[in-house]
Amino acid sequence: MSAGTTPGIPYTDIDGLCEHIRGALAEWAPRVLGVHVQRSVSGPAEVARLVDVVAAAAEVTVLPGDGATARAELDGAASRAAGAATGAPRVDVRAELAAARAGCRRAAVALGLSVPVAL
């Protein structure tokens with residue numbers, strides 16, 4: 001593994017990871033939650049806002065599948081994304097974004113959606 005990468009995450013830079021989170025949410029959030037997902041994001045702060053909007057929409061939407069689990073996962077993902085956006089010195093931004101990504105994926109699974117697996 002090269003320096004600066006997070007295990008299981010194929011992206012070596014923060015912007016690539018942010019774009020992956022945006023892209024994954026764009027695949028299902030508009031259809032399931034009616035949330036508009038912009039065409040690009042620039043950094044953890046925009047990803048944090050996006051995940052927070054998705055989590056807020058999930059709170060007021062009747063969800064398919066295990067809605068309670070999906071809401072809890074999205075709330076956790078929003079919290080982790082917000083942690084990445086703070087820019088605090090001891091925050092591992094990649095790890096926080098990876099955790100937010102994982103929470104969004106678990107939420108999609110709880111909703112009964114197919115989630116691609118990258119090996």
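The values are calculated or read from the model by the stated rules, or taken from the named source; none is laboratory data. Because the structure is predicted, anything quoted here is derived from the model rather than measured. Because the Cβ atoms are built from the backbone with ideal geometry, glycine has one as well, and the counts that use them run over all protein chains shown. When the accessible area is computed, the model is the full protein with side chains, heavy atoms only, and any ligands, DNA or RNA have been set aside. Shrake-Rupley method; radii C 1.70, N 1.55, O 1.52, S 1.80 Å.
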LEU50 within 17 Å of GLY112 (Cα to Cα) and outside any loop (DSSP other than H, G, I, E, B): no
Failed condition for GLY83, given (1) surrounded by 17 or more Cβ atoms within 10 Å (Cβ to Cβ); (2) modelled with pLDDT of 95 or more; (3) over 10 Å from the mean Cα position of the chain (by Cα): (2)
Some residue of the range 9-30 being of a type in the set (Lys, Arg), open to solvent by 40 Å² or more (accessible area, probe 1.4 Å) and in a helix (DSSP H, G or I): no
Count of the range 10-38 residues which are at pLDDT below 90 and over 19 Å from ALA82 (Cα atoms): 3
Unique match (being in a helix (DSSP H, G or I) and in contact with a helix residue (DSSP H, G or I) (Cβ under 6 Å, 6 or more places away or on another chain)) among ALA102, ALA95, ALA84: ALA84
Residue ID - modelled with the lowest pLDDT, chosen from residues in the range 39-76 that are loosely packed, with under 15 Cβ neighbours inside 10 Å and of a type in the set (A, V, I, L, M, F, W, C): VAL62
Search result, residues across the range 58-78 that are within 14 Å of the chain's Cα centre (by Cα) and closer than 19 Å to GLY112 by Cα: ALA58, ALA70, ARG71, ALA72, GLU73, LEU74, ASP75, GLY76, ALA77
